[in-house]
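These notes concern the structure reproduced below.
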Amino acid sequence: METIIVKKSGALNGHLKVNGSKNSILPILAASLLTKDKCILHEIPKLEDVNVMCNLLSKLGAKINRLDDNSLEIHAENITNYEAPYDLISKMRASFLVMGSLLSRVNKARVSMPGGCAIGTRPIDLHLKGFKNLNININSNRGYIQAETEGITGNHVYLDFPSVGATENLMMAACRAKGKTVIENCAEEPEIVDLANFINSMGAKIEGAGTKTITVTGVEELHGTEYTIIPDRIEAGTYMVAAVLTGGELHIDNVIPAHVQPVIAKLREVGAEIIENDSSVVVRSKGIINSTDIKTLPYPGFPTDMQAQFMLLLSLANGTSIINETIFENRFMHANEFLRMGANIKIEGNTAVVNGLNGLTGAKVRATDLRAGAALVLAGLVAEGETEISEVHHIKRGYADIVEKLQTVGADISYSMQ
Ligand code: EPU
């Protein structure tokens with residue numbers, strides 16, 4: 001079993017570079033099925049989730065070549081299979097995103113239902129309701145969604161909640177539809193804008209990405225393209241928290257400061273100094289951590305993917321903080337692991353009351369999901385003694401070279417095999 005061992009490390013100082021965004025590359029890989037031509041993608045992060053999506057695309061008939069360390073070429077000249085099987089979907093929910101592009105390309109798709117996951121039940125009702133509005137017939141049978149259409153037709157779609165995945169699937173389904181699709185109350189995340197820019201670079205007509213209403217005017221064909229993925233705002237945010245937590249100063253490169261505004265605002269509230277440059281941020285601790293309250297919300301609100309890291313930070317703040325998780329119903333599992341390290345956190349429903357303490361102690365803990373795992377790595381940096389984190393595979397889904405990166409800025413951290 002592989003674990004990560006972290007020892008109390010003192011202040012982290014130096015430079016770190018953020019990778020391309022996980023939550024951009026996954027839908028963009030799915031969207032590369034939309035054309036028969038080659039697509040070349042740059043700033044591909046080395047992540048387990050990227051490997052899973054590439055495996056799925058290969059199963060559907062795409063040819064994938066790694067051009068160099070950071071770039072991939074995807075060529076979906078022929079779609080030879082339209083089924084996304086359970087073993088791949090159950091590994092990674094985002095595999096469900098091939099549904100929109102398969103429907104657009106071959107008018108049918110058979111995709112396993114993703115089911116629940118550690119952070120909540122995560123239904124797909126909004127994706128399916130949207131597809132039905134676009135003249136797509138949906139049936140579910142033995143754990144699979146079978147979707148078929150005689151031709152996708154543009155329509156109005158209103159999302160009851162601004163779901164990231166539903167917005168992405170619908171943009172992909174609509175881009176070669178007959179007529180115009182208007183997606184209202186859609187997600188506004190930077191990854192939605194990145195996907196729209198990618199598909200537009202293939203010749204699509206998507207307008208309004210990054211606002212509450214997206215309009216997609218269907219075009220006949222899409223062509224190949226070359227595209228660079230945006231930086232990962234959650235990886236950036238995680239290292240920003242690491243600087244404040246450890247009382248250090250990190251210069252974090254390959255960041256779009258506009259994408260991390262909620263994190264910057266909260267870090268300033270807790271007492272850190274942040275300098276925003278064009279494509280980097282400097283995060284400098286002033287030696288204090290003030291308490292603050294946090295409510296997770298769809299973008300541009302505070303990201304649920306940064307909630308675990310902030311719960312940790314606020315566990316060491318002066319005073320009491322309230323965290324309200326409104327996106328996922330079961331995203332407090334990391335609290336139990338922090339409790340094992342001595343934190344004082346009380347959970348009631350979707351609210352956590354975090355009483356700040358002077359310190360934590362190292363313990364054996366478990367990465368219950370990706371962001372929880374990253375937060376536990378950070379916890380180990382400040383806890384007395386040694387912290388051993390198991391279920392490292394969760395962390396590798398979303399943080400490329402986290403151990404190596406933290407070592408370069410002064411962390412005492414390593415992998416261990418037992
Ligand atoms: N929801 C529904 N019905 C649907 C779709 C979503 O009820 O049809 C609910 C979900 O159950 C959840 C909420 O709406 O409670 C938000 O779900 P959303 O669809 O917005 O999230 P997602 O597309 O499944 C993406 C990211 C997540 C991130 C969320 C929210 C990817 C691959 N995943 O998930 O990232 O937390 O948006 O920002 O883009 C992570 O990176 O650690 C991660 C979990």
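Using beta carbons and a limit of 9 Å, which pairs, at least six apart or on different chains, have the first residue in region 93-106 and within 17 Å of ARG397 (Cα to Cα) and basic (Lys, Arg) and the second one open to solvent by 10 Å² or more (accessible area, probe 1.4 Å) and assigned to a helix (DSSP H, G or I)?
So the pair list comes out as ARG93/GLY165.
Is there a residue in region 247-257 that is in a loop (DSSP other than H, G, I, E, B), of a type in the set (Gly, Ala, Ser) and over 22 Å from VAL377 (Cβ atoms)?
Checked region 247-257: no residue is in a loop (DSSP other than H, G, I, E, B), of a type in the set (Gly, Ala, Ser) and over 22 Å from VAL377 (Cβ atoms).
Quick check on this structure: which one of ASN358, ASN330, ASN336 is open to solvent by 50 Å² or more (accessible area, probe 1.4 Å), under 29 Å from ILE5 (Cα atoms), more than 16 Å from the ligand (Cβ to nearest atom) and within 24 Å of the chain's Cα centre (by Cα)?
ASN336
Taking the options GLY130, GLY154, GLY120, GLY165, name whichever one is farther than 23 Å from LEU33 by Cβ and either within 14 Å of the ligand (Cβ to nearest atom) or modelled with pLDDT of 95 or more (or both).
One residue alone meets the criteria, GLY120.
Would you say VAL193 is within 30 Å of ALA372 (Cα to Cα) and away from the ligand (no atom under 12 Å from the Cβ)?
yes
Please state which of the following conditions SER112 fails to meet, knowing it meets all the rest: (1) over 22 Å from LEU47 (Cβ atoms); (2) more than 12 Å from the ligand (Cβ to nearest atom).
The number of the failed condition is (1).
What's the number of the only condition in (1) in contact (Cβ under 8 Å) with a residue 24 or more places away in the chain; (2) open to solvent by 40 Å² or more (accessible area, probe 1.4 Å); (3) not charged (D, E, K, R) that PRO123 fails to meet?
The number of the failed condition is (1).
Quick one: which residue in ASN135, ASN139 is over 27 Å from the mean Cα position of the chain (by Cα) and assigned to a loop (DSSP other than H, G, I, E, B)?
Working: ASN139 fails: assigned to a loop (DSSP other than H, G, I, E, B).
Going through ASN135, ASN139 in turn, just one is over 27 Å from the mean Cα position of the chain (by Cα) and assigned to a loop (DSSP other than H, G, I, E, B): ASN135.
Take the residues of region 142-151 that are at pLDDT 95 or above and part of a loop (DSSP other than H, G, I, E, B): which is most open to solvent (accessible area, probe 1.4 Å)?
GLU150
Over 21 Å from HIS393 (Cβ atoms), of a type in the set (S, T, N, Q) and in contact with a strand residue (DSSP E or B) (Cβ under 6 Å, 6 or more places away or on another chain): does that describe ASN330?
So ASN330 does not fit the description; no.
The values are calculated or read from the model by the stated rules, or taken from the named source; none is laboratory data. The shown structure was predicted, so the numbers you read here are calculated from the model rather than taken from an experiment. As a convention, Cβ positions derive from the backbone with ideal geometry for all residues, glycine included, and neighbour counts pool all protein chains shown. Quick note on the areas: whole protein, heavy atoms, side chains included, nothing else; ligands and nucleic acids left out. Shrake-Rupley method; radii C 1.70, N 1.55, O 1.52, S 1.80 Å.
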